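The values are calculated or read from the model by the stated rules, or taken from the named source; none is laboratory data. What you are looking at is a predicted structure, and each value in this text was computed from that prediction instead of being measured. Quick reminder, even Gly has a Cβ in these numbers, built from the backbone with ideal geometry, and neighbours come from all protein chains shown. Side chains included, ligands, DNA and RNA excluded: accessible areas come from the protein's heavy atoms. Shrake-Rupley method; radii C 1.70, N 1.55, O 1.52, S 1.80 Å.
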Amino acid sequence: MSEKSEGVNVSALIAGELPYLRRYARALTGDQTRGDTYAATTLEAILADPSAFDTDLRPKVALFRVFHSIWASSGRSIAPAGDLSEGMEAQAQRRLQALTPNTREAVLLSTMEGLVPEEIAEVMNVDTDEATKFLDVGLSEMATELKGRVMIIEDEPIIAMDIQAIVSDGDHSVVGIARTRTEAVAMADEHRPDLLLCDVQLADGSSGIDAANDILKMMPNIPIVFITAYPERLLTGERPEPAFLITKPFTEEQVRLAVSQSLFFASSEVLA
């Protein structure tokens with residue numbers, strides 16, 4: 001930490017970035033509990049050594065840089081040691097290990113968290129050219145990831161059409177668009193999609209979260225990507241929360257990445 005950073009309220013700088021660290025950690029690990037554990041460990045590391053948080057950097061970059069030093073030193077494992085023989089987490093771990101090291105992190109930092117290559121380089125402690133290479137390779141590799149049948153739960157027609165076009169352009173198929181909780185449950189029961197893209201507020205005042213929970217009762221392992229203008233409401237750390245979340249207004253790259261990543265891990269938890 002530089003001399004000019006002395007006396008800076010680090011807690012205040014971190015507070016506004018915590019929801020996004022949780023989002024990133026969950027997307028990276030594919031699991032709320034593991035993601036939140038990494039986030040909590042990051043905060044503990046900063047409390048133990050405040051100089052680890054470089055206030056010369058943008059707060060989000062400084063926070064994610066501490067996270068990455070922990071993530072890298074832990075071996076980037078998403079499943080507990082000795083628990084990789086079977087199951088979806090083991091499958092995801094094997095897929096993760098097959099990717100070029102550091103590329104997935106770079107893509108998430110860029111597309112989901114909005115960091116530019118120079119900032120990705122700071123977070124990952126590499127030079128900008130190397131960060132750019134990670135990003136380019138990662139985007140190329142993600143383009144060959146799993147394809148699936150996607151159902152959209154969105155009450156705004158224009159937004160729903162935009163999402164449908166993005167999903168279709170990524171060589172996934174869209175089985176239908178639902179505008180209400182009741183319609184969503186019936187559509188999911190009929191089509192049995194591989195993935196849900198779900199808005200939180202629906203047309204009749206019903207909740208996308210309730211619709212998702214109803215569908216999870218029928219299809220316990222279906223991955224769900226939530227789309228919301230208020231991510232902080234779903235990223236409190238106080239209840240089961242989505243591993244994959246897109247903030248409105250979203251970009252085409254964010255939707256494509258979220259679909260790819262959620263199919264990569266293929267699991268969801270019931271939400272409160």
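Observations on the model:
- Of the criteria (1) closer than 12 Å to I152 by Cα; (2) not in a helix (DSSP H, G or I), which one A188 fails: (2)
- Selection count where residues are surrounded by 11 or more Cβ atoms within 10 Å (Cβ to Cβ) and either on the phi > 0 side of the Ramachandran plot or modelled with pLDDT of 85 or more (or both), scope region 2-23: 12
- Region 168-178 - residue that is at pLDDT below 95 and surrounded by 19 or more Cβ atoms within 10 Å (Cβ to Cβ) and, of those, farthest from T100 (Cα to Cα): H172
- Pair list, Cβ < 7 Å and 6+ apart or interchain, from region 214-227 residues that are under 22 Å from F250 (Cα atoms) to residues that are open to solvent by 40 Å² or more (accessible area, probe 1.4 Å): I227/K248; I227/F250
Residue by residue, here is whether (1) open to solvent by less than 10 Å² (accessible area, probe 1.4 Å); (2) at pLDDT 90 or above; (3) touching a helix residue (DSSP H, G or I) at 6+ places or on another chain (Cβ under 6 Å); (4) among the acidic types (D, E) holds:
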| position | (1), (2), (3), (4) |
| --- | --- |
| P157 | no, yes, no, no |
| T180 | no, yes, no, no |
| A211 | yes, yes, yes, no |
| I227 | yes, no, no, no |
| T247 | no, no, yes, no |
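- Taking the criterion of being free of Cβ contacts under 8 Å to residues at least 40 places away in the same chain and open to solvent by less than 20 Å² (accessible area, probe 1.4 Å), the only residue of region 188-199 that qualifies is A188.
- The residue that is farthest from the chain's Cα centre (by Cα), counting only those in region 164-185 that are over 11 Å from V259 (Cα atoms), assigned to a helix (DSSP H, G or I) and not hydroxyl-bearing (S, T, Y), is E183.
- In region 6-20, the residues that are in contact (Cβ under 8 Å) with a residue 24 or more places away in the chain and either of a type outside the set (A, V, I, L, M) or out of contact with any helix residue (DSSP H, G or I) (no Cβ under 8 Å at 6 or more places or on another chain) (or both): V8, G16, E17, P19, Y20
- Residues that are small (G, A, S) and at pLDDT 90 or above, drawn from region 26-41: A39, A40
- Condition broken by A165, with the remaining ones in (1) surrounded by 19 or more Cβ atoms within 10 Å (Cβ to Cβ); (2) small (G, A, S); (3) at pLDDT 95 or above satisfied: (1)
- Residue within region 71-94 that is outside any helix (DSSP H, G or I), modelled with pLDDT under 85 and within 21 Å of E253 (Cα to Cα) present: no
- Residues being open to solvent by less than 50 Å² (accessible area, probe 1.4 Å) and closer than 20 Å to V107 by Cα - total across region 58-79: 14
- Selection within region 48-67 - part of a loop (DSSP other than H, G, I, E, B) and more than 25 Å from the chain's Cα centre (by Cα): D49, T55, D56
- Pairs with Cβ under 8 Å, 6+ apart, first in region 42-63 and under 18 Å from R23 (Cβ atoms) and polar (S, T, N, Q), second open to solvent by less than 50 Å² (accessible area, probe 1.4 Å) and in a helix (DSSP H, G or I): T42/L21; T42/L63; T42/V66; T42/F67; T42/I70
- Check on R104, at pLDDT 85 or above, in a helix (DSSP H, G or I) and crowded, with 19+ Cβ neighbours inside 10 Å: no
- Number of positions in region 21-41 that are touching a helix residue (DSSP H, G or I) at 6+ places or on another chain (Cβ under 6 Å) and not in a helix (DSSP H, G or I): 1
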